[in-house]
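The values are calculated or read from the model by the stated rules, or taken from the named source; none is laboratory data. Only a predicted model underlies this, so the values are computations on that prediction, with no experimental measurement involved. Heads up, the Cβs are rebuilt from the backbone with ideal geometry, glycines too, and the neighbour counts pull from every protein chain shown. Keep in mind that these areas ignore ligands, DNA and RNA; they rest on the heavy atoms of the full protein, side chains included. Shrake-Rupley method; radii C 1.70, N 1.55, O 1.52, S 1.80 Å.
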Amino acid sequence: MLRRLAAERATGALIRDRGTLYLAEGQVVHAESPATPGIDVLLTTGGALHRDGWWDAVARAGAGQRVGRHLVDSGRVPAGALELCHLGALYDAAFFALAPTRTPARFRHGVSHWIGTVRPVPVDAVQRETFRRRELLERIWPDAMTDSAPLVRTDRSVDAPVPPGRRRVLDLVDGARTASDIAQHLGRPAFHVLVGLRRLAAAGLVEAVREPTAATGSGRIPLPDVTADPDIALLRRLRDALEAL
């Protein structure tokens, strides 16, 4: 459907289960997902913009769908910084919005976003980057539960120093927060947090909280001994064997 909309040079909003892509003349101009921090969070948490400045821009230029242009013209955010931040938010949300789902997508013709056009991105580029990110996560650790379930730290000791960025993610793992919760708290792109969490899972430092089962009676299945995926079970056994050498 997305390729067809691109071929038709359509303008509007493609609405899916986990996010929305906004198109203008067949190109992606913005993306949003509840799983990712918005561009406002990325700008303000990163220090590029004060939160009051963001809301002032929304109040002044939101109705005209020129918030991005207003931020630059008013001198609040340099054009390059806005473009980089916007592209980061776009690709981050698109990764979740384009996730496989059984629910049909809907397209609302003529709908546009109040941020306005910052830098249009071809549909093919968005799809290629989405596929690349999926493949990267699969190579790091092939258990997608890490991406959506609450996470808990394991009892495994840390044998090597954890890089600072990954340590900040690890410090927020508390048995209740999900990857999206951690991304929102840190004000970082959600995909970057997914990468960190999958690396932590591969190192045996975190695991997903599973749904209660009759066999365990609790929400946490002891991993790595129990798993429904034989490939993941094999990886965990190999990891444990290597660490025992």
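Using Cα springs under 10 Å in a Gaussian network model of the chain, which residue among R156, R133, R210 shows the largest mean-square fluctuation? Of the options given, R156 has the highest mean-square fluctuation. For E25 and H185, what is the calculated FRET efficiency with R₀ set at 45 Å and r taken between the beta-carbons, to the nearest 0.05? After rounding, the FRET efficiency stands at 0.80. For region 78-141, rounded, prolate or oblate, judged on the Cα gyration tensor with a ≥ b ≥ c (square roots of eigenvalues), a/c < 1.5 rounded, else prolate if a/b > b/c? Note, shape of region 78-141 comes out oblate. Subtracting the Cα-Cα distance of R106 and R156 from 0.36 nm times their residue separation leaves 13.5 nm of extension gain. Applying the criteria of a DSSP loop state and at most 10 other Cβ atoms within 10 Å to the trypsin sites (Lys or Arg not before Pro) of region 68-102 yields R102.
The residues of the chain have, on average, 52 Å² of accessible surface per residue, using a 1.4 Å probe with all protein chains present.
Other residues within the sphere of radius under 13 Å centred on the Cβ of E25, judged by their own Cβ, net out at 0 (K and R +1, D and E -1). Which whole-number percentage describes the relative contact order of region 1-47, with Cα contacts under 8 Å and a sequence gap of 6 or more? Reported as a whole number, the value is 26 percent.
On a 0 to 90 degree scale, rounded to 10, what angle separates helix 51-61 from the longest Cα axis of the chain? In the chain, helix 51-61 runs at an angle near 40 degrees to the longest axis. Each of E211 and R167 was given a label point 7 Å from its Cα along the Cα-to-Cβ line. The distance between the two points is 3.8 nm.
Taking each DSSP H run with n ≥ 4 as -39500 (n - 2.57) and averaging over every residue of the chain yields -14000 deg cm²/dmol at 222 nm. Each principal axis of the Cα atoms in the chain has its own extent, and those three values, largest first, are 60, 39, 32 angstrom.
The residues neighbouring T101, those whose beta-carbon lies less than 13 Å from its own, together hold a net charge of +3 under the Lys/Arg +1, Asp/Glu -1 convention.
Projecting the Cα atoms of A201, P100, A176 onto the charge dipole of region 83-210 (Cβ charges, centred on the Cα centre) puts P100 farthest toward the positive pole.
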